[in-house]
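What follows is a short report on a single structure.
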Amino acid sequence: MSEPVDGRETIVTRMREQAGWCARLGSPLYAHLLDGVAADLEAEGPSQSVLAGHEDDPFPSALALRFMGAVHRLVLEGRAPALAAYYPSAGGNAAVGDPWPAFRAVLAAQRDALRPLVDRPVQTNEVGRSAALLGGFLATADETGLPLALLELGASAGLNLRWDRFHYEAAGWRWGDPRSPARVACTFNGPPPPAAHVEVVARDGCDARPLDPTDPEGALTLQSYVWADQIDRLALLRAAIEVARHTPARVVTADAAAWIGPRLAARPSGVATVVYRSIFWQYMSREGRAAVKEQLLAAGADATPGRPLAWLRLEPVGREGPYEIRMTSWPDGRERRLGEGSPHGREVRWYER
C-alpha cells in the first residue's frame, strides 16, 4: 500500500498506525490519545498547528513518538496539571475519565512550547533491551573465558553499557547483582542463557546526540519518551539512572561509521570486544550501515582466540518485527540467530545455550 500523497493525510495515517502499535504494546492511554490526534488533524484542530512543517518527515524519524514525548515532558515538568491527572507517570489515573479534552487543551494553549520540542529527535534508552542482549554477552564471556570490552552503537545515554550492573529475574532463573536497584523482570521461553561470570573492563559508546543520564535535563528527556501509562518501564529507567551514577561509561557525540573503526583497531589482547546495538540500524543511512559492516568484517578477519570480537544486535525484521537477536563471533566468523526479543526487550525467546 502506497503512502497518501497529501502531507497532512500522511501524518494522520502515521498517527493511527502508531495508535495501533501502542495498543498492541500495552499503552491504551497513548493509543486513545493518538487516535484523537488523528481525528483532530482531520478537523484542522490545534494538533495541526503543533505539527505544521512535519508533513514530509520520514517514517524512521518517529514523529508520533516525538509529539507524545513533547507533551509528556510538559506534564513531567508540572506545566500541564489538568492533563497530569490522567498520566500515571505524574501520579494520575488514566481510568478516571477521558483525557482527550485536557490533552487537546494543552495543544491549544502551549503550541509555542511544544513546537521546538517536537523538532527534537526521539532519544530513548530502553533498559529492558538489555534482557534481550544479555544472552549474547553471557555466551561471549562463557565461550572465550575473557573479560569484555563494550562498544555500543547508538548508545543514547549509555544505560545499556551498564547491563552487567542490573539484576535479571525470570521464572527459575536469575543473573546479576542482587543488590542492584535496576531489577529487570523478564521471560525466557526456551533454555536460559549460560550463567557465566562476567567482568567488564571498558564501556564506550557513540550517539548522534548523547544524553547524560546523571544530569537532570538528560534524565527528564529520557523519561519524557517513556509511554506515560507504562509505569514499570519508567521505574526501571529511573533505577538504571541511579546505577549510572555509580558506574562510569563514556558516550561521545559521533557518527557510528566514523567512530567504530579506530576503536576496533585499538582493541587490546586478552579481552573479548563486543560491538552491539539495539533497534538502531533504521536510523543509519545505507552508506553508514555498509561502512560499519565493512569495518567489522575487516576487524573480524584480524581476530584471534586471544583477541576475539563479537557483533551482537537486536533489530526488527521488517517494520514491525519479529525482533531478532543475532551474533557474529570471530575469529571463526560464526553467525548465530540466538533468539527473538520484544521491542521493549524483556520478552525473550532463546534458541540456544
Determine whether the stretch 307-319 contains at least one residue that is closer than 26 Å to A157 by Cβ, part of a loop (DSSP other than H, G, I, E, B) and among the charged types (D, E, K, R).
yes
When residues of the stretch 212-243 are filtered for being part of a loop (DSSP other than H, G, I, E, B) and open to solvent by 40 Å² or more (accessible area, probe 1.4 Å), how many remain?
3
Go through the stretch 94-106 and report how many residues are open to solvent by 50 Å² or more (accessible area, probe 1.4 Å) and modelled with pLDDT under 95.
2
Within the stretch 302-353, of all residues that are open to solvent by less than 40 Å² (accessible area, probe 1.4 Å) and among the polar types (S, T, N, Q), the one modelled with the lowest pLDDT is S342
Against the conditions (1) at pLDDT below 95; (2) open to solvent by less than 20 Å² (accessible area, probe 1.4 Å), where does A272 fall short? Just the number, please.
(1)
When the residues of the stretch 165-193 are filtered to those that are assigned to a strand (DSSP E or B) and among the small types (G, A, S), which remaining residue is farthest from P210 (Cα to Cα)?
A170
Name the residues in the stretch 150-164 that are polar (S, T, N, Q) and assigned to a loop (DSSP other than H, G, I, E, B), would you?
S156
Cβ-Cβ under 7 Å, sequence separation 6+ or interchain: first residue in the stretch 272-284 and under 22 Å from V200 (Cβ atoms), partner open to solvent by 20 Å² or more (accessible area, probe 1.4 Å) and of a type in the set (A, V, I, L, M). Which pairs?
A272/L146
For the stretch 247-269, which positions are within 25 Å of F166 (Cα to Cα) and part of a loop (DSSP other than H, G, I, E, B)?
T247, P248, A249
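Okay, residues lined up against (1) open to solvent by less than 50 Å² (accessible area, probe 1.4 Å); (2) under 22 Å from the mean Cα position of the chain (by Cα); (3) modelled with pLDDT of 95 or more:
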position: G91; (1), (2), (3): no, no, yes
position: A108; (1), (2), (3): no, no, yes
position: R115; (1), (2), (3): no, no, yes
position: V127; (1), (2), (3): yes, yes, no
position: P147; (1), (2), (3): yes, no, yes
position: L159; (1), (2), (3): yes, yes, yes
position: R165; (1), (2), (3): no, yes, yes
Taking the stated definitions as given, is P46 open to solvent by less than 60 Å² (accessible area, probe 1.4 Å) and modelled with pLDDT of 95 or more?
yes
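Here is a yes/no grid of residues against (1) free of Cβ contacts under 8 Å to residues at least 40 places away in the same chain; (2) of a type in the set (S, T, N, Q):
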residue: D177; (1), (2): yes, no
residue: N189; (1), (2): no, yes
residue: H197; (1), (2): no, no
residue: A202; (1), (2): no, no
residue: D212; (1), (2): no, no
residue: Q223; (1), (2): no, yes
residue: I241; (1), (2): no, no
Of the numbered conditions (1) within 19 Å of the chain's Cα centre (by Cα); (2) of a type in the set (V, I, T); (3) open to solvent by 50 Å² or more (accessible area, probe 1.4 Å), V201 fails exactly one; give the number of that condition.
(1)
Being part of a strand (DSSP E or B), under 30 Å from A70 (Cβ atoms), open to solvent by less than 60 Å² (accessible area, probe 1.4 Å) and out of contact with any Gly (no Cβ under 8 Å at 6 or more places or on another chain): is that true of R277 here?
no
If you go through the stretch 30-39, how many residues are within 21 Å of A113 (Cβ to Cβ) and either open to solvent by less than 10 Å² (accessible area, probe 1.4 Å) or hydroxyl-bearing (S, T, Y) (or both)?
4
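The values are calculated or read from the model by the stated rules, or taken from the named source; none is laboratory data. Just so you know, these numbers come straight off a predicted model, no measurement behind them. Glycine gets a Cβ as well: all are built from the backbone with ideal geometry, and neighbour counts include every protein chain shown. Calculation scope for accessible area: heavy atoms of the full protein, side chains included, ligands and nucleic acids excluded. Shrake-Rupley method; radii C 1.70, N 1.55, O 1.52, S 1.80 Å.
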